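Below is one structure; the comments refer to it alone.
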Amino acid sequence: MGGLCPRCRGRGWCGRDECVYLAALREVRERLSRHRDLDGYTLTVHVSWRGYPRVRLAPGVGERDIPDEGRALARLPYDELLELRALTFRKRSERRHVRETPDLSHEEIEATVSARPVESTLHVERRLSDPTRTAPFLGPLVDGRLELDGTPRVPSHLERVHEDELKAERAVIELYERGFDEGYIARALSLGLLGRPSDRRLVPTRWSVAAVDSIVSDHLKRTVRELPPGDDYRLLHGELFGNEMWVILRPEPLSYELIEVYEPGAPWSDRERVTVLRDAEVSREREPEETGGAYYAARVGALEACRDLGRQFGITVIRVVRREYSAPLGAWVIREAVRRAEEVMRTDDHGELLEALRERLDGPARAALRALRRDRQSTLDRFL
């Protein structure tokens, strides 16, 4: 689903007082009109998917030394985060085949996976694109020259898994168990730094994020399946930037489904109608058909909740996307919103849980109740 923004392009179809993308473009133009040499920090890198298997690497330079990682970004106010993203300029590189993976010792690569953002200066020659209107919201692409003013410090754990030639899946799990943010791990995977040398390749950023969430949640799934079943129903609630998450835990063998409800005017939604998407895990081979990367991101947080409770449950996550989530920022928002979910009720009665949910879901969000089709939910243990 493309959503309104790529088609609207500032015409005000969403009904908001100001278009977030036009506001971002004004910020970018104002910044470049004052300075062509942008002092800041190398925060991240974006690997494009267009033209695959020949892709571009685009290191991102922003004004503040805040890592481009969900746990750090979730602490910022939403408006401040949008400005930070809009003013993170991405330096275009030449196209390279995905098999031409960079060396970890290259200073630009070191900077993008440094333990802390590296002081840098981006000498801009020309702006190639505006801030993106598609998910996730990214700053403009520019031609220019990147000069590192600080010294990158690559974490020793990343150096070790890179040198030990572990399979990519094993390397991802080891970094996750060491406490690395999923966004950081996805960046390393995207740059072809993980996996055996013969298997390494550049991975477009949007694919690497989903791959890391899938690998991590599969790892958590194996752990949770060894736990005893829960003995009651639980309802958890969390919210971040207009993404409202309801996590339903049922006393039954492990299963998982995600239901997404988009209010009219929310990203990817219609102007007038409520949009409802649903995916459920019914076999090992099936990929999510409607919810995409959100499916895996929410699964990470939900399985972590089960692990922390020491029980396995049948899991349903309901994501309600409100209009105030004006620019989508990536799967990390969903993952962190589920992680923030706190228990709001516990009961032995399934009907009581559903009644509590009906009372709490307001307006367009009530459409989620019609998608709760537990009779069609298959449990994971049938397939493992």
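Of the strands (runs of 3 or more DSSP E) lying entirely inside segment 267-358, those containing at least 1 residues that are acidic (Asp, Glu) and at negative phi span 275-280, 342-347. Exactly one condition in (1) under 17 Å from the mean Cα position of the chain (by Cα); (2) buried (at least 20 other Cβ atoms within 10 Å of the Cβ); (3) outside any loop (DSSP other than H, G, I, E, B) is false for residue 203; which is it? Exception for residue 203: condition (3).
For segment 67-77, a residue qualifies if it is in contact with a strand residue (DSSP E or B) (Cβ under 7 Å, 6 or more places away or on another chain) and surrounded by fewer than 23 Cβ atoms within 10 Å (Cβ to Cβ), and the qualifying residues are 67, 74. The sole residue among 352, 285, 304 that is surrounded by fewer than 20 Cβ atoms within 10 Å (Cβ to Cβ), among the acidic types (Asp, Glu), out of contact with any helix residue (DSSP H, G or I) (no Cβ under 6 Å at 6 or more places or on another chain) and at pLDDT below 90 is 285. Does residue 59 meet the test of being out of contact with any helix residue (DSSP H, G or I) (no Cβ under 8 Å at 6 or more places or on another chain), assigned by TED's automatic domain parsing to the domain that holds residue 100 and not hydrophobic (A, V, I, L, M, F, W, C)? No.
Considering 216, 274, 203, the condition of being in contact (Cβ under 8 Å) with a residue 24 or more places away in the chain, more than 25 Å from residue 75 (Cα to Cα) and not assigned by TED's automatic domain parsing to the domain that holds residue 347 is satisfied by 203 alone. Restricting attention to segment 36-58 and to residues that are of a type in the set (Gly, Ala, Ser) and either modelled with pLDDT under 95 or part of a loop (DSSP other than H, G, I, E, B) (or both), the residue that is surrounded by the most Cβ atoms within 10 Å (Cβ to Cβ) turns out to be 48. Only one entry of 24, 72 meets the criterion of being touching a Pro at 6+ places or on another chain (Cβ under 7 Å), in a helix (DSSP H, G or I) and within 30 Å of residue 338 (Cβ to Cβ), and that entry is 24. Looking at segment 87-106, can you tell me whether even one residue there is among the β-branched types (Val, Ile, Thr), out of contact with any Gly (no Cβ under 7 Å at 6 or more places or on another chain) and buried (at least 22 other Cβ atoms within 10 Å of the Cβ)? Looking through segment 87-106, none of the residues is among the β-branched types (Val, Ile, Thr), out of contact with any Gly (no Cβ under 7 Å at 6 or more places or on another chain) and buried (at least 22 other Cβ atoms within 10 Å of the Cβ).
Taking the criterion of being among the charged types (D, E, K, R) and within 17 Å of the chain's Cα centre (by Cα), the residues of segment 323-349 that qualify are 335, 336, 339, 340. Close Cβ contacts (under 7 Å, 6 or more residues apart or on different chains) running from residues in segment 240-259 that are in the same structural domain as residue 361 (by TED's automatic domain parsing) to residues that are of a type in the set (Phe, Trp, Tyr) and assigned to a strand (DSSP E or B) comprise 249/233; 250/233; 251/233. For the residues 127, 153, 187, 178, the requirement of being basic (Lys, Arg), in the same structural domain as residue 65 (by TED's automatic domain parsing), in contact with a helix residue (DSSP H, G or I) (Cβ under 9 Å, 6 or more places away or on another chain) and crowded, with 17+ Cβ neighbours inside 10 Å singles out 187.
The values are calculated or read from the model by the stated rules, or taken from the named source; none is laboratory data. These numbers come from a predicted model, not from an experiment. Counting neighbours? That spans all protein chains shown, and the Cβs are built from the backbone with ideal geometry, glycine included.
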